[in-house]
1. If you check SER455, SER408, which single one turns out to be of a type outside the set (Lys, Arg), without any contact (Cβ under 8 Å) to a residue 40 or more places away in the chain and over 21 Å from GLY219 (Cβ atoms)?
2. Based on what the data block shows, is PHE436 more than 30 Å from ILE212 (Cα to Cα), under 21 Å from the mean Cα position of the chain (by Cα) and among the aromatic types (Phe, Trp, Tyr)?
3. Within region 107-119, is there a residue that is of a type outside the set (Ser, Thr, Tyr), over 30 Å from GLU79 (Cβ atoms) and assigned to a helix (DSSP H, G or I)?
4. Here are some residues: ALA296, ALA284, ALA304, ALA263. Which one is among the hydrophobic types (A, V, I, L, M, F, W, C), within 15 Å of the ligand (Cβ to nearest atom) and in contact (Cβ under 8 Å) with a residue 40 or more places away in the chain?
5. When only residues in region 191-205 that are within 14 Å of the ligand (Cβ to nearest atom) and either among the hydrophobic types (A, V, I, L, M, F, W, C) or under 19 Å from the mean Cα position of the chain (by Cα) (or both) count, which is nearest to THR158 (Cα to Cα)?
6. On the basis of being more than 10 Å from the ligand (Cβ to nearest atom) and either in a loop (DSSP other than H, G, I, E, B) or within 26 Å of GLY443 (Cα to Cα) (or both), does PRO188 make the cut?
7. Answer yes if at least one residue in region 67-88 is touching an Asp or Glu at 6+ places or on another chain (Cβ under 6 Å) and surrounded by fewer than 21 Cβ atoms within 10 Å (Cβ to Cβ), and no otherwise.
8. Residues to consider are TYR289, TYR297; find the one that is assigned to a strand (DSSP E or B) and closer than 29 Å to PRO421 by Cβ.
Amino acid sequence: MLVKQEDIENIVKQVISNIKNSSKISTESSIGIFEDINDAIEAARVAQKIVKLMTIEQREAIIKKIREKTIENAKALAELGVEETGMGRVDHKILKHQLLADKTPGTEDIKTIAWSGDRGLTLVEMGPFGVIGSITPSTNPSETILCNSIGMIAAGNTVVFNPHPGAIKVSLMAVKIVNEASIEAGGPENIVTSIYHPTLESCNILMKHVDIALIAATGGPGVVTAALSSGKRAIGAGAGNPPVVVDETADIPKAAKDIIDGASFDNNLPCIAEKEVVAVKEIADELMYYMTENGAYEITSSEAVLLTRLVFTNNKGKLSLNRDWIGKDAYKILRALGKEAGEDIRCIIFKGPKDHPLIIEELMMPILGIVEVEDFEEAIEVAKFLEQGNRHSAHMHSGNIHNLTRLSREIDTAIFVKNAPSYAALGFGGEGYCTFTIASRTGEGLTSTKTFTKSRRCVLADGLSIR
Ligand code: NAD
């Protein structure tokens, strides 16, 4: 059944009749934000009825507004994100928001497949799931909400977000931006919703709710396992510990610069960022020399022991990450160790064994351990050991195409960047689109609009084939 344009316009007008349009974010506004997760789900369900009736062109108008508002508010979001979470860098967070606004795919990502022949015409079209429940991290909070919103709304869904409590202010600011974009573009309010006080309990209600058709969980192993145990279809974007391998055929000065650029981006918060280096013995010292030429500070192995004590808490021999140091500036970490370090220091490096806690753990700090290996054969084994089967990201610098091919096959990760900083995988200094939800555990890889659709086959037998 075709819906008349006037009907859609009347519904939309009715919904927005009492809401004033504004091009700026009104901080008092609470559009889309509720006390109770059940109310947030109900509001998104009602909004999805409207979105379902909208044309692709109307959806695209909302996406365009979200992009514009993300750019307009990039600095404010970056500042609030750093202020609230105490993690990352304002300058890099601005770039992340600009990147997602420019390069997250919209409705053009949805493709129809057709078979036309003697027995008629068959189409497979991609439709919305309905209401998606999205759980978002503290490390890229507003980036994930805005990026998810673009892809999920472009696919025709509405979204209920359960953000990380430690990033609630900036997450809710992103939710408001999306709702204001929707209203300004003639769409409904509550196109995305959230709650003031997200908890594990609200997350569990969301995951189990009858009106939630799909779950997207972006975060560490706990949330991904919870999503996969929910009994619903779930997209699991989990943790990584990306190694970067450097062999003797690499352009060493370039590799050193690329690695420090990638590992220090937003103080190593991105899950794709280089988290440790596996370097062939022949070039390891040269590589470290060029790293120090590019803003790295080398510490000794005894200083690495002190650093371990600083960034881990020790509970009866069991080490756990001290979250106070996640995403902090390298020079601040060094000063806490009693070292003199200028603000131009971007990363801390040291040589260590593969099972060193600062190497095997996903730190999300600008700290890079360098594991020296005899040759490329050993590098493959060490890189696989460090990636720990997350199947998330790995990177390599080499001039040898056979080595590049070999590691990419053996390590089998969703992302494999060659001869560039890790962020090239997000379309930043590399080809391809952007996402902040990389479905490593469930295999969708870099999510985009099509990931948030379901497939529907439409068959007309013995007709409409005009060949
Ligand atoms: P986190 O796992 O602490 O939190 C992520 C979200 O899950 C939050 O909203 C949190 O409240 C919720 N959560 C955590 N445990 C839960 C549980 N048992 N049940 C229900 N909800 C739960 O992660 P973080 O520290 O905010 O983010 C960093 C982690 O996320 C890193 O491991 C990083 O690699 C990963 N990450 C992955 C991607 C990706 O695309 N694959 C993107 C960003 C971050």
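1. Only one candidate qualifies: SER408.
2. In short, no.
3. Taking region 107-119 first, the residues of a type outside the set (Ser, Thr, Tyr) are 108-111, 113-115, 117-119.
Still in the running and over 30 Å from GLU79 (Cβ atoms): 108-111, 113-115, 117-119.
Filter again for assigned to a helix (DSSP H, G or I), leaving 108-109.
Yes, because at least one residue in region 107-119 is of a type outside the set (Ser, Thr, Tyr), over 30 Å from GLU79 (Cβ atoms) and assigned to a helix (DSSP H, G or I).
4. After ruling out the rest, the residue left standing is ALA263.
5. Step by step, filter region 191-205, then rank; the result is SER194.
6. Values: more than 10 Å from the ligand (Cβ to nearest atom): yes; either in a loop (DSSP other than H, G, I, E, B) or within 26 Å of GLY443 (Cα to Cα) (or both): yes.
Considered against the rule, which asks whether it is more than 10 Å from the ligand (Cβ to nearest atom) and either in a loop (DSSP other than H, G, I, E, B) or within 26 Å of GLY443 (Cα to Cα) (or both), PRO188 comes out as yes.
7. Here is the first cut: in region 67-88, the residues touching an Asp or Glu at 6+ places or on another chain (Cβ under 6 Å) are 88.
Still in the list and also surrounded by fewer than 21 Cβ atoms within 10 Å (Cβ to Cβ): none.
Checked against the condition, which is being touching an Asp or Glu at 6+ places or on another chain (Cβ under 6 Å) and surrounded by fewer than 21 Cβ atoms within 10 Å (Cβ to Cβ), region 67-88 yields no hits at all.
8. Numbers: TYR289 fails: assigned to a strand (DSSP E or B).
Just one listed residue meets the conditions, TYR297.
The values are calculated or read from the model by the stated rules, or taken from the named source; none is laboratory data. Because the structure is a prediction, the values reported are computed rather than measured. So basically every Cβ, Gly included, is an ideal-geometry build from the backbone, and we count neighbours across all protein chains shown.
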